[in-house]
Amino acid sequence: MTPATLLLLSTMASGAPPTHEWSLYARSGVTAYLSDARTQGGVGGGIGLRDTVDGRWLLQGDLNALTGLGAVLAVRVGAGVQRQGAWAPAALLSLTGLFGDRLSFALPDRPLPVRGPALSLGVTLAPARFVLGGAQVSLLELGVGVGTERPGLGLMYGLTLLEVGVAL
């Protein structure tokens, strides 16, 4: 089941309208997309907006500026679930796009370099995530995703070193 389906079923089962808590967060880390056709990513940080529904379901989107292999903009949207309480580990399904500079490689079956953003669908795990009142802190989030690069696949790796959020 998708996170949106689980959210809908949870809302229907409780009978009460869902509660929403919006928060703004800042993050720093590393993102890399690797395939036979390109290498893209870097080190940096960004900001995002998160909606926590009923204290459990997460819907979020963020923009990140990365450097190291040139200038890259990482755009990520995701949905997932967190444990309720002070220790709130989370798991999210994320769609990530990397726009900007890259190292492109010519292949025997593709003499021209790839064009367009690197897109991937992946999973992010946040085992060291804590919620204290209206603040959220997460350390060492790990993400991995897969994207299509004709002919073949690309892998996206992400490591968030620190993420800090505050309720709006």
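The values are calculated or read from the model by the stated rules, or taken from the named source; none is laboratory data. Since the structure is predicted, the reported quantities are computational estimates derived from the model, not experimental observations. Note: accessible area is taken over every heavy atom of the protein model, side chains too, but ligands, DNA and RNA are not part of it. Shrake-Rupley method; radii C 1.70, N 1.55, O 1.52, S 1.80 Å.
Computed quantities for the displayed model
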quantity: Gained length - Leu132 relative to Ala71, 0.36 nm times residue gap less alpha-carbon distance; calculated: 18.5 nm
quantity: Accessible area of the chain divided out per residue, in Å², using a probe of 1.4 angstrom; calculated: 52
quantity: Accessible-area composition of the range 18-167, carbon plus sulfur, in percent [1.4 Å probe]; calculated: 73
quantity: Distance from the range 94-149 to the range 15-49 (C-alpha centre basis), Å; calculated: 8
quantity: Gain on full stretching of the segment that runs from Arg83 to Trp22 - 0.36 nm per residue minus C-alpha separation; calculated: 20.3 nm
quantity: Cα-based helix-to-principal-axis angle, 3-14 vs the chain, degrees rounded to 10; calculated: 10
